[in-house]
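Written out below as structure tokens is the structure these notes cover.
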Amino acid sequence: MKTYLVTGAAGFIGMHVAKRLLERGDVVIGLDNLNDYYDVSLKEARLAQLTSHPNFRFVKLDLADRAGMKAVFENEAFEVVIHLAAQAGVRYSLINPQAYIDSNLVGFGNVIEGCRHKKVAHLVYASSSSVYGANIETPFSVKHGVDHQVSLYAATKKANELMAHTYSHLYGLPTTGLRFFTVYGPWGRPDMAMYSFTKAMLEGKPIDVFNHGKMQRDFTYIDDIVEGVLRVADHVPKASELSPKDRHPGVSHAPYRVYNIGNNQPVELGRFIEELERALGVTAEKRYLPMQPGDVPATYADVDDLIRDVGFRPSTPIEEGIAKFVAWYREYHNQSFSEKTAEISEIQAA
């Protein structure tokens with residue numbers, strides 16, 4: 001049994017990771033600021049999946065709070081940090097860049113400084129497939145250079161990887177960055193296509209289909225992401241014995257690694273919508289639009305390094321994942337509606 005600090009514990013991936021850790025018998029200190037980037041009630045509902053567990057404790061705190069973060073690292077007992085908190089979303093970074101600077105740069109700095117001084121055994125942190133930016137060679141490999149980001153969100157994630165390498169080199173801090181590819185599934189974010197399309201289709205509203213549907217995404221089901229995160233967390237990187245000529249951007253002389261976690265099977269947006277229509281029993285009204293600034297036409301993960309080092313390949317087919325999301329969505333929103341109705345009835349009775 002180990003004790004983990006999981007940041008972003010009320011977030012989509014963070015909640016699922018914390019839940020799996022608790023289920024296998026570990027202790028989790030969950031940290032989140034519960035900001036209002038999207039519906040806080042969804043974050044609170046996720047958190048409720050964790051708070052009843054005796055091995056879970058919640059800390060409400062903003063990553064950019066330097067003194068608060070320092071206190072967490074000084075006063076809490078944990079050996080491994082799984083850092084999943086961040087300001088997410090490519091398009092939002094176009095209108096509120098400061099949020100990304102505060103959370104993804106200042107906040108990450110506070111986390112990695114805390115790890116350095118506490119001498120944690122391993123820092124695992126969320127990067128993103130967005131770092132591949134303007135790359136056109138697919139599948140995207142950790143061996144590729146990633147120097148041409150097309151959104152501030154992606155730039156902050158690349159900066160995190162650079163910061164992590166520096167700390168691994170200077171202080172021997174073991175760090176692993178995980179480039180997630182279009183994560184979806186139950187308890188997902190409302191700003192992601194899966195959730196927003198489902199909501200619009202059930203309400204009889206049109207969905208916005210960017211780049212006229214000629215987009216491909218390596219949709220990765222949440223259970224695959226969680227399995228990858230836990231396997232990587234248990235696999236602490238060591239300094240590489242590779243010769244300098246064999247090193248590449250995903251590995252170096254330091255105890256530092258970067259992995260892709262993607263389904264390795266990109267799906268065109270049109271097919272994704274068809275599968276969602278089939279699961280919902282609803283035909284979408286589509287509003288075709290051009291490519292949005294900051295978007296990329298395709299993502300496709302090379303996961304060879306992940307398979308080699310931790311023996312795992314994401315494999316959930318899109319049909320299965322969409323069906324599970326739709327089942328959760330219907331249950332969650334029917335329950336939410338029932339709870340709101342009950343609250344109104346209680347107010348009226350009073």
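List of remarks:
- Among the GluC sites (Glu not before Pro) found in the range 208-307, those both in a DSSP coil and sparsely packed, with 14 or fewer other Cβ atoms within 10 Å of their Cβ, are GLU241, GLU285.
- Stokes-Einstein diffusion coefficient of the chain, Kirkwood radius over Cα pairs, 10 °C, 1.306 mPa s, in µm²/s: 76
- DSSP-loop trypsin sites (Lys or Arg not before Pro) across the range 53-121, with at most 13 other Cβ within 10 angstrom: LYS119
- Positive-end residue of PRO206, THR176, VAL6, charge dipole of the chain with Cβ unit charges: THR176
- Rounded, prolate or oblate (a/c below 1.5 giving rounded, otherwise prolate when a/b exceeds b/c) for the range 5-67 by Cα gyration tensor: oblate
- Signed unit charges on C-beta, dipole axis of the chain, positive-most listed residue THR220, ILE82, ALA279: ILE82
- Each 10 Å bin from zero up to the one holding the largest Cα-Cα distance in the range 1-40 carries the following percent of pairs: 33, 49, 16, 2.
- Packing here is the average count of other Cβ atoms within 10 Å per residue, and on that basis the peptides 231-239, 107-115, highest first, run 107-115, 231-239.
- Dividing the convex hull volume of the alpha carbon atoms of the range 147-229 by its residue count gives 126 Å³ per residue.
- Euclidean distance between Cα centres, the range 96-166 to the range 1-39, Å: 20
- Kyte-Doolittle mean at least -1.0, axial Cα span of 18 Å or more - DSSP H helices of the chain: 152-171, 318-349
- GluC sites (Glu not before Pro) within the range 50-88, DSSP loop, no more than 15 other Cβ atoms inside 10 Å: GLU76, GLU79
- Cα convex hull of the range 1-113 - mean projected area over all directions, nm²: 6.7
- Relative protection proxy for 212-222, 22-32, 172-182, from highest mean packing down: 172-182, 212-222, 22-32 (other beta-carbon atoms within 10 angstrom).
- GNM result for the chain, Cα springs below 10 Å: residue of ALA254, ALA77, ALA67 fluctuating most strongly: ALA67
- Convex hull of alpha carbon positions in the range 80-181: directionally averaged projected area 6.3 nm².
- Among 286-296, 123-133, the peptide with the highest mean count of other Cβ atoms within 10 Å heads the list, and the full ranking is 123-133, 286-296.
A short reminder: the numbers here are calculations on the coordinates, not readings from a lab. Please read these numbers as outputs of a predicted model, since none were measured by experiment. Note that we place each Cβ from the backbone using ideal geometry, even for glycine, and neighbour counts take in every protein chain shown.
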